[in-house]
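Asks: Before I ask anything, let me first share the structure, which is written out below as structure tokens.
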Amino acid sequence: MVKKTVFIVIISLFLKPIFPVIDYVVNYEYIAKVLCENKAKPMMHCNGKCHLMKELAKAAETENPKSSDKKENTSIQEVLFFKEINLFSIVSFGFQPKTKINPSYLNLYSYLDANSVFHPPTFIS
């Protein structure tokens, strides 16, 4: 029951600017013959549209108050939210440091330091 009531209230608030148009459509004959301001000028084919425009202007005025009233009570407040940024460090996950080679392996290697330039053997034919 409460949901239906809230729904009806919300719908009526959204349709409030359309109420003068609905009233014009429902009471078209009465508005065109009695409330029309241009009855003396039938060549304009107003048919009560002048009355509709006045009603729409009234609805717009009640919906949006004058800007002069609005400016008097306006105060601007700025709110700034910020979050402190925590510093971060970069962790390197590169190669692990070299481990020492077994010393007994180094003894198996021999190196000849020769000062002469190597020449391939000559072929005798």
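Residue by residue, here is whether (1) modelled with pLDDT under 80; (2) open to solvent by less than 90 Å² (accessible area, probe 1.4 Å) holds:
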| position | (1), (2) |
| --- | --- |
| L15 | yes, yes |
| D23 | no, yes |
| E37 | yes, no |
| H51 | no, yes |
| S89 | yes, no |
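Asks: Go through E72, E78, E61 for me and flag whichever is under 30 Å from P17 (Cβ atoms), open to solvent by 100 Å² or more (accessible area, probe 1.4 Å) and at pLDDT 70 or above.
Replies: Just one listed residue meets the conditions, E61.
The values are calculated or read from the model by the stated rules, or taken from the named source; none is laboratory data. Bear in mind that the values here come from a model prediction, so they are computed numbers and not experimental data. Virtual Cβ from ideal backbone geometry, glycine too; neighbours counted across all protein chains shown. The area values use the complete protein model at the heavy-atom level, side chains included, leaving out ligands, DNA and RNA. Shrake-Rupley method; radii C 1.70, N 1.55, O 1.52, S 1.80 Å.
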